[in-house]
1. Past the 31 Å Cα-Cα mark, which pairs from 35/135; 52/135; 46/112?
2. Starting from the eigenvalues of the Cα gyration tensor, five times each then square-rooted, give me the equivalent ellipsoid semi-axes of the stretch 125-236, largest first, whole Å.
3. Please give every one of the aspartates and glutamates within straight-line cross-link reach of residue 93, meaning a C-alpha to C-alpha distance under 18 Å, and leave out same-chain neighbours fewer than 8 residues apart.
4. In deg cm²/dmol and to the nearest 500, what is the mean residue ellipticity at 222 nm of the chain if only DSSP H runs of at least 4 residues count, each as -39500 (n - 2.57), divided by the residue total?
5. About the Cα centre, and with charges only on the beta carbon of Lys, Arg (+1) and Asp, Glu (-1), how big is the dipole of the chain? Nearest 20 debye, please.
6. When the Cα centres of the stretch 165-236 and the stretch 82-137 are compared, how far apart do they sit, in Å?
7. Based on the Cβ-Cβ distance from residue 108 to residue 152, what FRET efficiency comes out when R0 is 30 Å, to the nearest 0.05?
8. Given a cut-off of 29 Å, what percent of all Cα-Cα pairs of the stretch 14-235 lie beyond it?
Amino acid sequence: MKEPKKKSEMMSVQIEKYTIYGTSSLGAYIHTDEKVTLIPTDTPEKIDEAIKRVLKTKALRCSIARSSLLGIFIVSNSYGALIPSIVTDEELKYLQETFNELGYRLTVFNSKKTAIGNMILVNDRGAIISPLFSKKERVQIADTLNVEVVSMELANSPLVGAIAIATNRGALVHPLASDDELEILESVLHVKADVGTINRGSPYIKLGIIANSRGAIVGDETTGPELMRIHQVLFS
């Protein structure tokens with residue numbers, strides 16, 4: 001993982017640029033919320049310093065199904081966390097200990113769907129979930145995350161967790177999201193929502209950024225105008 005290349009001096013929060021495993025798709029590998037950031041076991045230690053400095057959480061190393069794709073497999077807010085059923089017994093024990101210490105409710109998601117990070121957009125006030133979830137699965141999501149859940153597509157995509165990111169201060173969404181969809185997001189998540197991109201125009205926003213209410217680490221390819229937009233929507 002590279003040293004940070006750019007930090008905006010005009011922002012009240014910190015936004016830094018990184019790569020991981022030679023890619024700008026940070027959000028596929030790293031998961032964060034207001035309390036903790038989970039990183040792959042083989043991530044260089046330099047990222048710990050950035051996480052503490054920018055996101056102001058501690059960094060914990062783990063895996064899911066012996067995979068480093070934590071951002072794809074894990075969903076959490078300050079109340080609970082969901083992990084897919086493909087988690088190993090050893091991984092589950094470690095995650096149970098970790099989340100119990102933080103006061104989270106940890107749920108092994110009883111579903112054939114595993115890439116749940118791509119299917120759920122959540123903060124501490126609400127959640128937008130993919131319409132591909134069943135009614136039973138929606139109940140499990142709501143019970144674990146302890147927020148109102150609304151099932152809908154965004155920008156004609158069921159991958160609502162991959163094409164948007166939400167914190168307790170804002171939500172940045174795929175550029176083709178409609179005004180009506182943005183209004184629903186604002187109503188459910190209780191934050192400002194607007195459109196944008198990451199990593200030189202990618203609409204898969206979550207895959208290029210890890211963020212909470214205190215700061216963000218973005219993919220190395222993210223442009224200056226995209227950084228401005230991230231700050232405007234997520235932190236203004």
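1. The answer is 52/135; 46/112.
2. 24, 14, 13
3. Within the straight-line limit of under 18 Å, residue 93 reaches these aspartates and glutamates: 101.
4. That comes out to -7000 deg cm²/dmol.
5. 320 debye
6. 22 Å
7. Using R0 = 30 Å, I get an efficiency of 0.75.
8. 17 percent
Where a number appears in this text, it was derived from the coordinates with a stated rule and is not lab data. If you're wondering where the values come from, they're calculated on a predicted model, not measured in any experiment. For neighbour counting, all protein chains shown are included, and Cβ atoms are generated from backbone atoms with ideal geometry for every residue, glycine included.
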